[in-house]
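Scroll down for the structure; my scribbles are underneath it.
The values are calculated or read from the model by the stated rules, or taken from the named source; none is laboratory data. Every value quoted in this text rests on a predicted model; they were computed, and no experiment measured them. Note that each Cβ is placed from the backbone with ideal geometry, even for glycine, and that neighbours are counted across all protein chains shown. Protein only, heavy atoms only, side chains kept; ligands, DNA and RNA dropped before computing areas. Shrake-Rupley method; radii C 1.70, N 1.55, O 1.52, S 1.80 Å.
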Amino acid sequence: MRVPDLAVIENGAAIVPEDIALEIYRRICRTRTFEEGLIKAVKDGFVTSPVYLSSGQESIAAALSVAVPGPVIFAQHRCHGVYLSYGGDPVKLRDELMGLPTGTSGGRAGSNCIQCHENGVVMHGHHGLIGENVPIAVGYALASKKSTLAIFGDGAAEEDYVLSSLGFAATHRLPVLFVCEDNNLSILTAVETRRSWKVSKVAAAFGMEAVDLSDDPWTIFLKAKELVKKTPALMNIHTCRANWHVGIGTDGPVEWDRFLDVRNALKGAGLWDKAQKIEEAERFCMEKVWEQGQLRRLSGK
Amino acid sequence: MGTRTVAETIREITRAHLEGGGMLLGESISAVGWVNNTVPDAGNIMELPMTDVAGAGIAVGSALAGRRPIFVVRFQDFLILNGSPLIFYAAKLKGLHEKSAPVFVRAIAAEGLGPVHSGVLHSLFMHFPGFKVASPMTPREYEDVWRVYMESDDPFICSEHRASYSNKDELTDEIMAGADITIYAISATRFEAKKAARLLKNDGVRCNVVNIVWLKPFTLTKRITEPLKESRIGLVVDPGHEIAGASESIAYSMMINTGYPVKALGLEDRTKCLCPPLQNRAPDAGRIVEAAKELLAGAGRVFT
């Protein structure tokens, strides 16, 4: 049963320090407002390659990036939120999506393969094969002993090589925090149609701490801070993507709207005035990134 | 004859690499014989569980972290399972992201061990951009391939063959004036090509033998093309499948370059079974002789 408050800590926005709560919101807004501009750019024909939107799921990366700073990151195809939350330059992301040589991979890789190797961020690019990043993250952790973050989806969690990698990380007690962004959908096929088991149970059976929770950012923040000290560990986070698997379309109302829930939580914590200013500042910043005249110049359209 | 076998050479290279902070990963490494005595009992060896896809991914991740891992694949057929992280990640990394994951894949071939332990699959990796592919059969060739790997940032497929492990000899090209045919041999067929040349000589056929170590990049140097221009007929021999394989690919390159006919000789298009006569073995000296004579007969040059 998917619910928006699975294992959620009540009044989380009021429990975490104010600066943390607002910083997480800033990062949520960064992804949301970037993708609002991206959706318009797709509609206007400035971005023509496939896009995998993080909207709806952005609270996960925002909370993780505050709770677990500085890991070596191996993200999955839906990676805009991870890139932006961890400090990636939105202009370079825009340029990558537009296929420009100034993009994160020189415009060669695109939306599902974003990398970042600057400003203290180490994020290795995905190549689009779901779950491929997980064994590579595990190998990286084995060879380097560095704190590693492997992010994947509920579909990738079914790949045999992902499960094997969890087992290997457990055997060798590797410093990997596995995060499954469980939006319940492989394209449009629900988890319950695909399998009868939970990846958290499998991870626990391998011998690592594993939790199921929904995408309340304050809870993710608190739990990730705890689990990163106990790696290997796994978080299976129930979330709802706002758009199609690939593309800017929607399939009607989502199960829950975390962005709205977060706003309400900040209001309840008495932080809305500050949060509103943060949101406005992020929107202003992203409107500059996606300014029409600039897009015309860059695209030659 | 040299003093060290190929197996000893691999073991010494590996020991130095591991002692220098490199890594070696593979399945059942310390099992009977330490991979045909090619792996030393040293540190920095990671025994992988029997997870062929994830295992290759773990090796690629180790390469990404800068450890220059040797990834041991005990039978080349298993590369089908290992292939995904190698092909989709390691080999594409530079083209997509200008990064590198230089993993050295020791892909070991064998003969006569049935349908999934006797394959020679280097052709598959020639097909995909991003790999360097070599098949050294002598101690010095192995050292050269290893040196190039250490100077490179590409993933390498080192197509080894058990038939070479006891070899101490360097295999030089055999070039003779007025040769009737040039045989280009790959992997373990190089040992058979030398025997074939002697058999052909007995029948009055003058035969060049040119060794091919580097499959990708395959460079048409004068060493490769000049003997063909002299003999005007060529034969490329490979222990892998002939169709769309290394032998056909290289034969095609040479024909386009020189304008002379070059035939490919590899495995027949059928499954390698365990028992004779269905083993579909790599071309031996007898088959190479037969193929050479057919080619010569087709050109109106009949030898008994």
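Within the stretch A:186-208, residues that are under 11 Å from A:Asn236 (Cβ atoms) sit with their Cβ atoms under 8 Å from residues that are open to solvent by 30 Å² or more (accessible area, probe 1.4 Å) and acidic (Asp, Glu), at 6+ positions apart or across chains, in these pairs: A:Lys198/A:Asp212; A:Ser200/A:Asp212. On inspection, B:Val116 does not qualify as under 13 Å from B:Gly55 (Cβ atoms) and either in contact with a Lys or Arg (Cβ under 8 Å, 6 or more places away or on another chain) or away from every other protein chain (no Cβ under 14 Å) (or both). Might you check whether a residue that is touching a Pro at 6+ places or on another chain (Cβ under 6 Å) and of a type in the set (A, V, I, L, M, F, W, C) occurs anywhere in the stretch B:62-80? Looking for residues that are touching a Pro at 6+ places or on another chain (Cβ under 6 Å) and of a type in the set (A, V, I, L, M, F, W, C), one finds at least one in the stretch B:62-80, hence yes. Of the helices (runs of 4 or more DSSP H) lying entirely inside the stretch A:89-180, those carrying at least 1 residues that are facing another protein chain (nearest Cβ under 9 Å) and open to solvent by less than 30 Å² (accessible area, probe 1.4 Å) are A:133-144, A:160-171.
Each row is one residue, and each column tells you yes or no for (1) over 28 Å from B:Phe128 (Cβ atoms); (2) in contact with a helix residue (DSSP H, G or I) (Cβ under 7 Å, 6 or more places away or on another chain); (3) assigned to a helix (DSSP H, G or I).
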residue	(1), (2), (3)
B:Thr172	yes, no, no
B:Ala193	no, yes, yes
B:Asn211	no, yes, no
B:Phe218	no, yes, no
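Note on the stretch B:220-247: residues that are in contact with a Leu (Cβ under 7 Å, 6 or more places away or on another chain) and assigned to a loop (DSSP other than H, G, I, E, B) total 2. Check whether at least one residue in the stretch A:7-20 is within 27 Å of A:Arg195 (Cα to Cα) and more than 11 Å from the chain's Cα centre (by Cα), and report yes or no. Scanning the stretch A:7-20 turns up at least one residue that is within 27 Å of A:Arg195 (Cα to Cα) and more than 11 Å from the chain's Cα centre (by Cα).
Exactly one residue among B:Arg281, B:Arg232, B:Arg287 is in contact with a Phe, Trp or Tyr (Cβ under 6 Å, 6 or more places away or on another chain) and either closer than 18 Å to B:Ala193 by Cβ or surrounded by 14 or more Cβ atoms within 10 Å (Cβ to Cβ) (or both), and that residue is B:Arg232. Using the structure shown, decide if A:Ala210 is outside any helix (DSSP H, G or I), farther than 27 Å from A:Ala14 by Cβ and not acidic (Asp, Glu). Judged against the criteria, A:Ala210 is a match.
Listed conditions (1) acidic (Asp, Glu); (2) under 26 Å from A:Gly155 (Cβ atoms); (3) crowded, with 19+ Cβ neighbours inside 10 Å are all met by A:Glu282, apart from (2).
Among the residues of the stretch A:243-269, those that are small (Gly, Ala, Ser) and assigned to a loop (DSSP other than H, G, I, E, B) comprise A:Gly247, A:Gly249, A:Gly252, A:Ala269. Residues satisfying the criterion are absent from the stretch A:231-242 (criterion: open to solvent by 20 Å² or more (accessible area, probe 1.4 Å), of a type in the set (S, T, N, Q) and farther than 17 Å from A:Ala203 by Cα). Looking only at the stretch B:82-117, count how many residues are outside any loop (DSSP other than H, G, I, E, B) and either in the same structural domain as B:Pro239 (by TED's automatic domain parsing) or surrounded by fewer than 17 Cβ atoms within 10 Å (Cβ to Cβ) (or both). Total meeting the criteria: 1. Across the stretch A:74-85, not a single residue is classified as among the aromatic types (Phe, Trp, Tyr) and either more than 14 Å from chain B (Cβ to nearest Cβ) or on the phi > 0 side of the Ramachandran plot (or both). In the stretch B:223-236, the residues that are touching a residue at least 24 places away in the same chain (Cβ under 8 Å) reach residues that are open to solvent by 80 Å² or more (accessible area, probe 1.4 Å) with C-beta atoms within less than 6 angstrom, at least six apart or across chains, in these pairs: B:Pro227/B:Ile175.
The single condition from (1) touching an Asp or Glu at 6+ places or on another chain (Cβ under 7 Å); (2) not in a loop (DSSP other than H, G, I, E, B) that A:Cys240 fails is (2). The residues on offer are B:Gly57, B:Gly61, and the sole one that is among the small types (Gly, Ala, Ser), open to solvent by less than 10 Å² (accessible area, probe 1.4 Å), modelled with pLDDT of 95 or more and in contact with a strand residue (DSSP E or B) (Cβ under 9 Å, 6 or more places away or on another chain) is B:Gly61. Picking from residues in the stretch B:120-129 that are open to solvent by 10 Å² or more (accessible area, probe 1.4 Å) and touching a strand residue (DSSP E or B) at 6+ places or on another chain (Cβ under 8 Å), the one that is farthest from the other protein chains (Cβ to nearest Cβ) is B:Val120. So which residues in the stretch B:23-38 are farther than 16 Å from B:Val105 by Cα and surrounded by fewer than 16 Cβ atoms within 10 Å (Cβ to Cβ), if there are any at all? Matches in the stretch B:23-38: B:Ser30, B:Ala31, B:Val32, B:Gly33, B:Asn37. Only residues that are under 18 Å from B:Ile181 (Cβ atoms), surrounded by 13 or more Cβ atoms within 10 Å (Cβ to Cβ) and either in contact with a His (Cβ under 9 Å, 6 or more places away or on another chain) or not hydroxyl-bearing (Ser, Thr, Tyr) (or both) were counted across the stretch B:249-278, and they come to 11.
Which residues, counting only those in the stretch B:48-74, are charged (D, E, K, R) and facing another protein chain (nearest Cβ under 10 Å)? Hits for the stretch B:48-74 are B:Asp52, B:Arg67, B:Arg68.
Let's see how each residue does on (1) in contact with a His (Cβ under 6 Å, 6 or more places away or on another chain); (2) more than 17 Å from A:Thr231 (Cβ to Cβ); (3) aliphatic (A, V, I, L, M):
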residue	(1), (2), (3)
A:Lys92	no, yes, no
A:Glu96	no, yes, no
A:Ala109	no, yes, yes
A:Asn112	yes, yes, no
A:Cys116	no, yes, no
A:Ile151	no, no, yes
A:Arg173	no, no, no
A:Asn183	no, yes, no
